[in-house]
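The values are calculated or read from the model by the stated rules, or taken from the named source; none is laboratory data. Everything numeric in this text was worked out from a predicted model, so none of it was measured. Using ideal geometry, Cβ is built from the backbone for each residue, glycine included, and neighbour counts are taken over all protein chains shown.
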Amino acid sequence: MAALHQSQIRSLPLLARGKVRDMYAVGDDKLLIVASDRISAFDVILDDPIPGKGQVLTELTSFWLDKLAHVVPNHSTGIAPEDVVAADERDQVAGRAVVVKRLKPILVEAVARGYLIGSGWKDYQATGAVCGISLPAGLKQASRLPEPIFTPAAKAEVGAHDENVDFERVVAEVGQDMAEQIRSITLRLYSEASAYAAGKGIIIADTKFEFGLDAAGALHLMDEVLTPDSSRFWPADQYAEGGSPPSFDKQFVRDWLETQPWDKTPPAPRLPAEVIEKTAAKYREAVTRLTS
Ligand SMILES: Nc1ncnc2c1ncn2[C@@H]1O[C@H](COP(=O)(O)OP(=O)(O)OP(=O)(O)O)[C@@H](O)[C@H]1O
Ligand SMILES: [Mg+2]
(Lines give C-alpha, C1' and ligand atoms only; values in the text may rest on other atoms or scores of the structure.)
(Ligands and ions follow the chains in the order given, each with its own letter.)
Protein backbone atom coordinates (compact mmCIF):
# COMPACT_ATOMS: atom_id res chain seq x y z
CA MET A 1 0.00 0.00 0.00
CA ALA A 2 1.48 3.36 -1.01
CA ALA A 3 1.54 6.00 1.72
CA LEU A 4 -0.16 9.34 1.11
CA HIS A 5 1.73 12.28 2.54
CA GLN A 6 -0.43 14.97 1.02
CA SER A 7 -3.57 14.76 -1.12
CA GLN A 8 -3.75 16.73 -4.38
CA ILE A 9 -7.44 17.11 -5.24
CA ARG A 10 -7.64 19.67 -8.05
CA SER A 11 -11.36 19.38 -8.75
CA LEU A 12 -12.32 20.99 -5.38
CA PRO A 13 -11.13 24.18 -3.65
CA LEU A 14 -8.51 23.45 -0.96
CA LEU A 15 -9.51 25.14 2.31
CA ALA A 16 -6.74 24.08 4.65
CA ARG A 17 -4.21 21.42 5.48
CA GLY A 18 -4.13 20.43 9.15
CA LYS A 19 -1.43 18.36 10.74
CA VAL A 20 -3.04 15.17 9.43
CA ARG A 21 -6.11 16.06 7.34
CA ASP A 22 -6.57 18.03 4.12
CA MET A 23 -9.88 19.92 3.83
CA TYR A 24 -11.66 20.76 0.60
CA ALA A 25 -14.97 22.55 0.06
CA VAL A 26 -17.86 20.57 -1.44
CA GLY A 27 -20.38 23.22 -2.36
CA ASP A 28 -20.80 25.78 0.40
CA ASP A 29 -22.17 23.53 3.14
CA LYS A 30 -20.03 20.40 3.01
CA LEU A 31 -16.38 19.41 3.31
CA LEU A 32 -14.25 16.64 1.92
CA ILE A 33 -11.81 15.66 4.67
CA VAL A 34 -8.92 13.49 3.50
CA ALA A 35 -6.96 11.74 6.26
CA SER A 36 -3.39 11.54 5.00
CA ASP A 37 -0.75 9.19 6.40
CA ARG A 38 1.08 12.10 8.01
CA ILE A 39 2.06 11.62 11.62
CA SER A 40 2.89 14.37 14.06
CA ALA A 41 4.86 13.97 17.26
CA PHE A 42 5.44 16.72 19.80
CA ASP A 43 3.28 18.84 17.45
CA VAL A 44 5.82 18.55 14.61
CA ILE A 45 4.73 16.88 11.35
CA LEU A 46 7.28 14.20 10.48
CA ASP A 47 8.64 13.79 6.95
CA ASP A 48 7.88 10.06 6.94
CA PRO A 49 4.22 9.05 6.55
CA ILE A 50 2.88 5.86 8.19
CA PRO A 51 1.34 3.70 5.39
CA GLY A 52 -2.33 2.91 6.05
CA LYS A 53 -2.67 5.31 8.99
CA GLY A 54 -5.22 7.54 7.21
CA GLN A 55 -7.46 4.54 6.48
CA VAL A 56 -7.25 3.41 10.10
CA LEU A 57 -8.28 6.86 11.38
CA THR A 58 -11.15 7.01 8.89
CA GLU A 59 -12.41 3.49 9.57
CA LEU A 60 -12.31 3.91 13.35
CA THR A 61 -14.00 7.30 13.26
CA SER A 62 -16.88 6.04 11.16
CA PHE A 63 -17.22 2.95 13.38
CA TRP A 64 -17.55 5.13 16.51
CA LEU A 65 -19.80 7.73 14.85
CA ASP A 66 -22.27 4.94 14.01
CA LYS A 67 -22.04 3.38 17.46
CA LEU A 68 -22.48 6.70 19.28
CA ALA A 69 -25.03 8.35 16.97
CA HIS A 70 -27.77 8.00 19.62
CA VAL A 71 -25.81 10.27 22.01
CA VAL A 72 -25.39 13.33 19.77
CA PRO A 73 -25.88 14.22 16.09
CA ASN A 74 -22.66 14.13 14.06
CA HIS A 75 -21.23 15.59 10.88
CA SER A 76 -21.68 12.51 8.66
CA THR A 77 -23.57 12.86 5.37
CA GLY A 78 -23.31 9.34 3.98
CA ILE A 79 -22.06 10.78 0.67
CA ALA A 80 -19.28 8.67 -0.86
CA PRO A 81 -16.04 10.67 -1.29
CA GLU A 82 -15.49 9.00 -4.69
CA ASP A 83 -18.66 10.75 -5.88
CA VAL A 84 -17.42 14.31 -5.26
CA VAL A 85 -13.97 14.13 -6.90
CA ALA A 86 -12.77 13.60 -10.46
CA ALA A 87 -12.37 10.02 -11.71
CA ASP A 88 -8.56 10.17 -11.63
CA GLU A 89 -8.63 11.40 -8.01
CA ARG A 90 -10.66 8.51 -6.61
CA ASP A 91 -7.66 6.48 -5.45
CA GLN A 92 -6.58 9.41 -3.25
CA VAL A 93 -9.85 9.35 -1.29
CA ALA A 94 -10.74 5.65 -1.23
CA GLY A 95 -10.99 4.45 2.38
CA ARG A 96 -9.41 7.58 3.76
CA ALA A 97 -11.83 10.44 3.14
CA VAL A 98 -15.29 11.51 4.25
CA VAL A 99 -17.83 14.04 3.04
CA VAL A 100 -19.21 15.86 6.07
CA LYS A 101 -21.48 18.74 6.98
CA ARG A 102 -19.44 21.92 7.17
CA LEU A 103 -19.91 23.15 10.73
CA LYS A 104 -18.86 26.21 12.69
CA PRO A 105 -16.16 24.78 14.97
CA ILE A 106 -16.44 25.34 18.72
CA LEU A 107 -12.96 26.39 19.72
CA VAL A 108 -12.67 24.06 22.69
CA GLU A 109 -11.05 20.65 22.74
CA ALA A 110 -13.51 18.53 24.71
CA VAL A 111 -11.29 16.10 26.60
CA ALA A 112 -12.51 13.30 28.86
CA ARG A 113 -10.07 11.48 31.13
CA GLY A 114 -10.59 8.27 33.05
CA TYR A 115 -6.91 7.92 33.99
CA LEU A 116 -4.17 10.29 35.11
CA ILE A 117 -1.59 10.58 32.33
CA GLY A 118 0.03 13.13 30.04
CA SER A 119 -0.76 16.77 30.77
CA GLY A 120 -3.33 15.68 33.39
CA TRP A 121 -0.61 13.89 35.36
CA LYS A 122 1.69 16.92 35.00
CA ASP A 123 -0.98 19.34 36.24
CA TYR A 124 -1.91 17.03 39.13
CA GLN A 125 1.70 16.80 40.27
CA ALA A 126 2.00 20.60 40.22
CA THR A 127 -1.38 21.54 41.74
CA GLY A 128 -3.32 18.45 42.87
CA ALA A 129 -5.98 19.35 40.32
CA VAL A 130 -6.67 19.08 36.57
CA CYS A 131 -8.55 21.92 34.86
CA GLY A 132 -9.72 23.20 38.25
CA ILE A 133 -11.01 19.78 39.34
CA SER A 134 -9.39 18.76 42.65
CA LEU A 135 -8.39 15.11 42.82
CA PRO A 136 -7.63 12.89 45.84
CA ALA A 137 -4.06 12.94 47.15
CA GLY A 138 -1.75 10.00 46.52
CA LEU A 139 -2.69 9.19 42.90
CA LYS A 140 0.12 7.80 40.77
CA GLN A 141 0.94 8.20 37.08
CA ALA A 142 -1.71 6.28 35.08
CA SER A 143 -3.95 5.82 38.15
CA ARG A 144 -7.60 5.28 37.38
CA LEU A 145 -9.61 8.33 38.48
CA PRO A 146 -12.49 7.93 40.97
CA GLU A 147 -14.75 8.92 38.06
CA PRO A 148 -14.12 10.26 34.53
CA ILE A 149 -13.60 14.03 34.36
CA PHE A 150 -14.11 16.69 31.69
CA THR A 151 -10.81 18.52 31.16
CA PRO A 152 -11.21 21.02 28.32
CA ALA A 153 -8.29 22.55 26.45
CA ALA A 154 -8.01 25.72 24.42
CA LYS A 155 -7.03 25.03 20.81
CA ALA A 156 -3.49 26.31 20.31
CA GLU A 157 -2.17 28.16 17.26
CA VAL A 158 -0.25 26.08 14.71
CA GLY A 159 2.93 24.65 16.26
CA ALA A 160 1.94 25.39 19.87
CA HIS A 161 0.60 22.98 22.49
CA ASP A 162 -3.04 22.99 23.56
CA GLU A 163 -3.57 24.55 26.97
CA ASN A 164 -5.70 22.95 29.69
CA VAL A 165 -8.38 25.35 30.91
CA ASP A 166 -11.04 25.20 33.61
CA PHE A 167 -14.76 24.86 33.01
CA GLU A 168 -15.33 28.60 33.52
CA ARG A 169 -13.20 29.32 30.46
CA VAL A 170 -15.53 27.13 28.40
CA VAL A 171 -18.53 28.99 29.82
CA ALA A 172 -16.90 32.30 28.86
CA GLU A 173 -16.36 30.95 25.33
CA VAL A 174 -19.74 29.37 24.58
CA GLY A 175 -22.14 30.26 27.43
CA GLN A 176 -23.35 28.25 30.43
CA ASP A 177 -25.93 26.06 28.67
CA MET A 178 -23.70 25.06 25.78
CA ALA A 179 -20.75 24.45 28.11
CA GLU A 180 -22.83 22.11 30.27
CA GLN A 181 -24.17 20.33 27.20
CA ILE A 182 -20.65 19.80 25.87
CA ARG A 183 -19.43 18.50 29.24
CA SER A 184 -22.26 16.02 29.67
CA ILE A 185 -22.11 14.76 26.07
CA THR A 186 -18.32 14.39 26.29
CA LEU A 187 -18.58 12.31 29.46
CA ARG A 188 -21.38 10.19 28.02
CA LEU A 189 -19.46 9.49 24.81
CA TYR A 190 -16.40 8.58 26.86
CA SER A 191 -18.23 6.28 29.23
CA GLU A 192 -20.05 4.38 26.47
CA ALA A 193 -16.90 4.06 24.38
CA SER A 194 -14.71 2.98 27.29
CA ALA A 195 -17.22 0.35 28.41
CA TYR A 196 -17.28 -1.05 24.86
CA ALA A 197 -13.48 -0.96 24.51
CA ALA A 198 -13.01 -2.67 27.89
CA GLY A 199 -14.82 -5.68 26.41
CA LYS A 200 -12.14 -5.74 23.69
CA GLY A 201 -9.28 -5.60 26.18
CA ILE A 202 -8.55 -1.92 25.58
CA ILE A 203 -8.50 0.87 28.14
CA ILE A 204 -9.33 4.31 26.75
CA ALA A 205 -7.25 6.40 29.14
CA ASP A 206 -8.42 9.69 27.69
CA THR A 207 -9.82 11.13 24.49
CA LYS A 208 -10.54 14.42 22.77
CA PHE A 209 -13.73 15.34 20.93
CA GLU A 210 -14.47 18.35 18.74
CA PHE A 211 -17.90 19.84 18.29
CA GLY A 212 -19.41 22.29 15.84
CA LEU A 213 -22.70 24.04 15.18
CA ASP A 214 -24.85 23.70 12.06
CA ALA A 215 -26.64 26.64 10.46
CA ALA A 216 -29.53 26.22 12.90
CA GLY A 217 -27.15 26.31 15.89
CA ALA A 218 -27.51 22.58 16.70
CA LEU A 219 -24.55 20.92 18.40
CA HIS A 220 -22.81 18.20 16.35
CA LEU A 221 -19.87 15.88 16.98
CA MET A 222 -17.24 16.40 14.24
CA ASP A 223 -13.63 15.73 13.31
CA GLU A 224 -12.04 12.38 14.18
CA VAL A 225 -13.55 10.31 16.96
CA LEU A 226 -11.84 7.87 19.34
CA THR A 227 -8.82 7.16 17.16
CA PRO A 228 -5.28 6.49 18.37
CA ASP A 229 -4.45 10.10 17.35
CA SER A 230 -7.18 11.64 19.49
CA SER A 231 -7.05 9.15 22.37
CA ARG A 232 -4.74 7.04 24.48
CA PHE A 233 -5.58 3.36 24.03
CA TRP A 234 -3.83 0.96 26.41
CA PRO A 235 -3.88 -2.84 26.12
CA ALA A 236 -5.66 -3.76 29.37
CA ASP A 237 -3.45 -6.77 30.03
CA GLN A 238 -0.34 -4.58 30.17
CA TYR A 239 -1.83 -1.86 32.34
CA ALA A 240 -0.12 -0.87 35.58
CA GLU A 241 -0.06 2.41 37.48
CA GLY A 242 3.16 4.13 38.49
CA GLY A 243 4.49 4.49 34.93
CA SER A 244 3.39 5.18 31.38
CA PRO A 245 1.64 2.06 30.00
CA PRO A 246 2.37 1.02 26.38
CA SER A 247 -0.24 2.26 23.95
CA PHE A 248 -1.72 1.95 20.47
CA ASP A 249 -0.75 5.48 19.52
CA LYS A 250 2.40 7.33 18.67
CA GLN A 251 4.21 6.24 21.79
CA PHE A 252 6.49 4.10 19.69
CA VAL A 253 7.52 7.05 17.51
CA ARG A 254 7.77 9.36 20.51
CA ASP A 255 9.94 6.93 22.45
CA TRP A 256 12.32 6.56 19.51
CA LEU A 257 12.46 10.34 18.99
CA GLU A 258 13.30 10.78 22.68
CA THR A 259 16.49 8.77 22.08
CA GLN A 260 17.55 11.17 19.31
CA PRO A 261 19.44 14.43 19.73
CA TRP A 262 16.56 16.66 18.63
CA ASP A 263 15.15 19.90 20.08
CA LYS A 264 11.54 19.17 18.99
CA THR A 265 11.42 21.92 16.39
CA PRO A 266 11.13 21.12 12.65
CA PRO A 267 12.64 19.29 10.91
CA ALA A 268 12.31 16.09 12.91
CA PRO A 269 14.79 13.22 12.41
CA ARG A 270 13.85 10.75 9.65
CA LEU A 271 12.28 7.59 11.03
CA PRO A 272 14.02 4.23 10.51
CA ALA A 273 12.00 1.73 8.41
CA GLU A 274 11.55 -0.47 11.47
CA VAL A 275 9.87 2.32 13.47
CA ILE A 276 7.56 3.10 10.51
CA GLU A 277 6.55 -0.57 10.14
CA LYS A 278 5.97 -1.15 13.84
CA THR A 279 3.90 2.03 14.11
CA ALA A 280 1.79 1.04 11.08
CA ALA A 281 1.18 -2.35 12.70
CA LYS A 282 0.12 -0.71 15.97
CA TYR A 283 -2.46 1.43 14.17
CA ARG A 284 -3.81 -1.64 12.34
CA GLU A 285 -3.98 -3.58 15.60
CA ALA A 286 -6.11 -0.85 17.20
CA VAL A 287 -8.69 -1.07 14.42
CA THR A 288 -8.78 -4.87 14.38
CA ARG A 289 -9.14 -5.19 18.13
CA LEU A 290 -11.84 -2.55 18.42
CA THR A 291 -13.99 -3.42 15.43
CA SER A 292 -13.82 -7.24 15.31
N1 LIG B 1 -17.49 18.89 10.09
C2 LIG B 1 -16.52 19.80 10.22
N3 LIG B 1 -16.75 21.11 9.94
C4 LIG B 1 -15.76 22.03 10.06
N5 LIG B 1 -14.48 21.75 10.45
C6 LIG B 1 -14.19 20.47 10.75
C7 LIG B 1 -15.17 19.43 10.65
N8 LIG B 1 -14.60 18.26 11.01
C9 LIG B 1 -13.31 18.55 11.32
N10 LIG B 1 -13.05 19.88 11.18
C11 LIG B 1 -11.75 20.56 11.37
O12 LIG B 1 -10.88 20.04 10.38
C13 LIG B 1 -9.53 20.02 10.87
C14 LIG B 1 -8.96 18.62 10.74
O15 LIG B 1 -7.63 18.67 10.42
P16 LIG B 1 -6.48 18.14 11.37
O17 LIG B 1 -7.03 17.24 12.42
O18 LIG B 1 -5.39 17.65 10.51
O19 LIG B 1 -6.09 19.52 12.02
P20 LIG B 1 -5.17 19.76 13.26
O21 LIG B 1 -3.78 19.89 12.84
O22 LIG B 1 -5.57 18.86 14.35
O23 LIG B 1 -5.59 21.23 13.52
P24 LIG B 1 -6.52 21.77 14.58
O25 LIG B 1 -5.58 22.38 15.56
O26 LIG B 1 -7.38 22.79 13.87
O27 LIG B 1 -7.32 20.60 15.13
C28 LIG B 1 -9.59 20.49 12.32
O29 LIG B 1 -9.25 21.86 12.36
C30 LIG B 1 -11.05 20.28 12.69
O31 LIG B 1 -11.45 21.17 13.70
MG1 LIG C 1 -7.00 17.35 14.58
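What to note about this one:
- Applying a threshold of 6 Å to beta carbon distances and a minimum spacing of six or more residues, or different chains, the list of pairs starting in segment 217-244 at a residue that is at positive phi and ending at one that is among the basic types (K, R) and away from ligand 1 (no atom under 12 Å from the Cβ) reads G242/K140.
- Breaking point among (1) over 30 Å from D177 (Cα atoms); (2) away from ligand 2 (no atom under 16 Å from the Cβ), for K19: (2)
- For segment 6-26, the set of residues classified as part of a loop (DSSP other than H, G, I, E, B) and within 13 Å of ligand 1 (Cβ to nearest atom) consists of Q6, S7, G18, K19, V20, listed by residue number.
For (1) touching a Phe, Trp or Tyr at 6+ places or on another chain (Cβ under 8 Å); (2) assigned to a helix (DSSP H, G or I), each residue gets a yes or a no:
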{"residue": "E241", "(1), (2)": "no, no"}
{"residue": "F248", "(1), (2)": "yes, no"}
{"residue": "L257", "(1), (2)": "yes, yes"}
{"residue": "K264", "(1), (2)": "yes, no"}
{"residue": "L271", "(1), (2)": "yes, no"}
{"residue": "I276", "(1), (2)": "no, yes"}
{"residue": "A281", "(1), (2)": "no, yes"}
{"residue": "T288", "(1), (2)": "no, yes"}
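- Of the residues making up segment 113-164, those that are within 16 Å of ligand 2 (Cβ to nearest atom) and more than 19 Å from F209 (Cβ to Cβ) are E157, V158, G159, A160.
- Which listed residue is away from ligand 2 (no atom under 16 Å from the Cβ), in the same structural domain as R17 (by TED's automatic domain parsing), surrounded by 22 or more Cβ atoms within 10 Å (Cβ to Cβ) and under 29 Å from R284 (Cα atoms), from V98, V93: V93
- Residue in segment 244-267 that is under 15 Å from F150 (Cα atoms) and either at pLDDT below 95 or more than 16 Å from ligand 2 (Cβ to nearest atom) (or both) present: no
- Which listed residue is surrounded by 14 or more Cβ atoms within 10 Å (Cβ to Cβ) and at pLDDT below 95, from K30, K19, K67, K53: K19
- When we screen L226, L139 for residues that are under 23 Å from L57 (Cα atoms) and in a loop (DSSP other than H, G, I, E, B), the only hit is L226.
- From the list E109, E192, E180, the one residue that fits, being modelled with pLDDT of 95 or more and buried (at least 19 other Cβ atoms within 10 Å of the Cβ), is E109.
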